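Here the structure is laid out as structure tokens; the discussion comes afterwards.
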Amino acid sequence: MSDTRPAAKLIDGKRISSEVRAEWKVRADRLCALVATPGLTVIMVGENPASGLYVRNKLRACEEMGIRSELRLYPADTPEQTVLESIRALNADPTCHGILVQLPLPPQISVRHALEAISPDKDVDGFHLYNVGGLITGETVFPPCTPYGVMMLLDRTGIPVTGQNVTIVGASNIVGKPMGLMFLQREATVAICHVKTRDLTQYTIAADILVVAAGQPNLVTGPMVRTGAVVIDVGINRLPDGSLIGDVDFDSVSRKASYITPVPGGVGPMTVTMLLCNTVAAAERSYAQLKAA
């Protein structure tokens, strides 16, 4: 018997991203009129082509949002101390509200040292230990952008989180772990899976909300997903022919899920959008502190 169940509804990240940016642009414009233009500085070391593309997209998005952006590009052999000194100078610069260190970094520069050098008040990527640790207590200044974007997609689509069984496939510091903490804050029941998880399907099949961020193309297939589940595909993988696919086998999973994000056009646009929102929020915090002083 053929499966006549309607295909899953698409969660349109491009549309939701545009709506969120429009709302936050009003706030950015208000800041420009009151005190100063929100400012973001991106530090990039080396000429990694993928990183270069991401940075150009971020800078273009800043311009559209009314955020002043600056790229500080350093040669690949730049000493760690030079980068750390640049970060510390930006921490003290009142016209810079957000600092982003583009990853990956060359081997002579410690990612931990670079991220910890950023002031938590300017850590708009949400990677500083203060902000990551704050996810446990609900006191994070800036949530990490990709998990923040996932929660925004769910909220804007009207998908309830509280009380839901959530499975996250992928335990990275950038997505999986903070994602789990954000769901726990919303009183979901969370399972986080990783490369050593045995029988992955027993976890994915139990999920009301399934978030896949493993970096492995088509890892999750239709038989691994509960009928009616909400599936968020964070993965983005480039095939030899240049096409992009996610970590979820879209064709088979979309026949079982109730909602699903496409790749591209799902989580990706939201990650950049939440970076812009965090930058505007950083500028608002700076302005509030000036008024209170």
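The values are calculated or read from the model by the stated rules, or taken from the named source; none is laboratory data. Model, not experiment: these values are computed from the prediction. Cβ sites come from the backbone with ideal geometry, for glycine too, and all protein chains shown count toward neighbours.
One line per residue, one yes/no per condition, for (1) more than 19 Å from residue 258 (Cα to Cα); (2) in the same structural domain as residue 103 (by TED's automatic domain parsing); (3) at pLDDT below 95; (4) touching a Leu at 6+ places or on another chain (Cβ under 6 Å):
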site: 191; (1), (2), (3), (4): yes, no, no, no
site: 200; (1), (2), (3), (4): yes, no, no, no
site: 209; (1), (2), (3), (4): no, no, no, no
site: 215; (1), (2), (3), (4): yes, no, yes, no
site: 224; (1), (2), (3), (4): no, no, no, no
site: 228; (1), (2), (3), (4): no, no, no, no
List the pairs whose first member sits in the stretch 259-279 and is buried (at least 24 other Cβ atoms within 10 Å of the Cβ), whose second member is assigned to a helix (DSSP H, G or I) and basic (Lys, Arg), and whose Cβ atoms are under 7 Å apart, counting only residues at least 6 apart or on separate chains? 273/21; 275/58; 276/21
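Residues are listed down the side, and each one gets a yes or a no for (1) assigned to a loop (DSSP other than H, G, I, E, B); (2) within 14 Å of the chain's Cα centre (by Cα):
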site	(1), (2)
135	no, no
139	yes, no
148	no, yes
163	yes, no
178	no, yes
187	yes, no
190	no, no
195	yes, no
Test each condition in (1) within 22 Å of residue 130 (Cα to Cα); (2) surrounded by 17 or more Cβ atoms within 10 Å (Cβ to Cβ); (3) in contact with a helix residue (DSSP H, G or I) (Cβ under 7 Å, 6 or more places away or on another chain); (4) of a type in the set (Gly, Ala, Ser) for residue 110 and report the one that comes out false. (2)
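Any residue in the stretch 37-60 that is in contact (Cβ under 8 Å) with a residue 24 or more places away in the chain, touching an Asp or Glu at 6+ places or on another chain (Cβ under 6 Å) and farther than 30 Å from residue 227 by Cα?
Going residue by residue through the stretch 37-60, those that are in contact (Cβ under 8 Å) with a residue 24 or more places away in the chain are 37-48, 51, 54-55, 57-58.
Narrowing the set further to residues that are touching an Asp or Glu at 6+ places or on another chain (Cβ under 6 Å) leaves 41.
From what's left, farther than 30 Å from residue 227 by Cα: 41.
There is at least one residue in the stretch 37-60 that is in contact (Cβ under 8 Å) with a residue 24 or more places away in the chain, touching an Asp or Glu at 6+ places or on another chain (Cβ under 6 Å) and farther than 30 Å from residue 227 by Cα.
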It is to be established whether one or more residues within the stretch 83-91 are of a type in the set (A, V, I, L, M), in a loop (DSSP other than H, G, I, E, B) and free of Cβ contacts under 8 Å to residues at least 40 places away in the same chain. no
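Out of all the residues in the stretch 150-161, which are surrounded by fewer than 18 Cβ atoms within 10 Å (Cβ to Cβ) and either in the same structural domain as residue 98 (by TED's automatic domain parsing) or not in a helix (DSSP H, G or I) (or both)?
Going residue by residue through the stretch 150-161, those that are surrounded by fewer than 18 Cβ atoms within 10 Å (Cβ to Cβ) are 155-160.
If the condition is that a residue be surrounded by fewer than 18 Cβ atoms within 10 Å (Cβ to Cβ) and either in the same structural domain as residue 98 (by TED's automatic domain parsing) or not in a helix (DSSP H, G or I) (or both), then 158, 159, 160 are the ones that fit.
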Residues in the stretch 227-258 that are in contact with a Ser or Thr (Cβ under 9 Å, 6 or more places away or on another chain) and either touching a residue at least 40 places away in the same chain (Cβ under 8 Å) or closer than 17 Å to residue 61 by Cβ (or both) total 9
One residue from 168, 209, 205, 159 being under 24 Å from residue 129 (Cβ atoms) and out of contact with any Pro (no Cβ under 6 Å at 6 or more places or on another chain): 168
